[in-house]
Amino acid sequence: MPNPHSSAFKKGKHHPCFGKLDVVFPIGKNGFRNTPETCLACFYKTECLRSAMNRPEGLKVRESAVDRAYEAGMMKFLERWSTKKNIHRKIKAEQKYCKN
């Protein structure tokens, strides 16, 4: 099988790793999330990362970023509450969609 990140894959077909947060945006040794080198050469990298971040696992990553911003004083309470409520709505909608 050819490398899924090479040009051997045609446009329109997604790779087996497409949208999997732990594969396309894993937590590194330093505790921060990084895109692996193999993904940087992929034609679908932007679409793939967006897809991963719009799934429940990715939305939880965004939620933790909101909490960190609030704790650092970069976000006020009402903005934090509104953002987290929006994230939770998206998580519920995604889970409902996955059940059907």
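No lab work stands behind these numbers, since they all come straight from the coordinates. All of these numbers come straight from a predicted model, not from anything done at the bench. FYI the Cβ positions are ideal-geometry reconstructions off the backbone, even for glycines, and counts take in every protein chain you see.
Per-residue HN-Hα couplings for the range 73-85, Karplus 6.51 cos²θ - 1.76 cosθ + 1.60 at θ = phi - 60°, whole Hz, x for Gly and Pro?
Once θ is set to phi - 60°, the couplings for the range 73-85 become x, 8, 9, 7, 4, 5, 5, 4, 4, 5, 5, 5, 5 Hz.
In bins 10 Å wide, starting from 0, what share of all Cα pairs of the chain does each bin hold, as a percent?
With 10 Å bins starting at 0, P(r) equals 14, 36, 31, 15, 3, 0.
Taking amide hydrogens as modeled 1.01 Å from N in the peptide plane, which residues meet the under 5 Å criterion relative to ARG33, leaving out close sequence neighbours?
GLY28
Report, to the nearest 10°, how far helix 56-71 tilts away from the longest principal axis of the Cα atoms in the chain, using its own Cα long axis and a range of 0 to 90°.
That works out to roughly 40 degrees.
Report, in listed order, any pair from LYS29/LYS84; LYS20/LYS99; LYS45/LYS76; LYS20/LYS85; LYS20/LYS45; LYS20/LYS90 with a Cα-Cα distance greater than 22 Å.
LYS29/LYS84; LYS45/LYS76; LYS20/LYS85
Pick out, in residue order, every one of the trypsin sites (Lys or Arg not before Pro) in the range 21-100 that is DSSP loop and has at most 14 other C-beta atoms within 10 Å; say none if there are none.
Answer by residue number: LYS29, LYS76.
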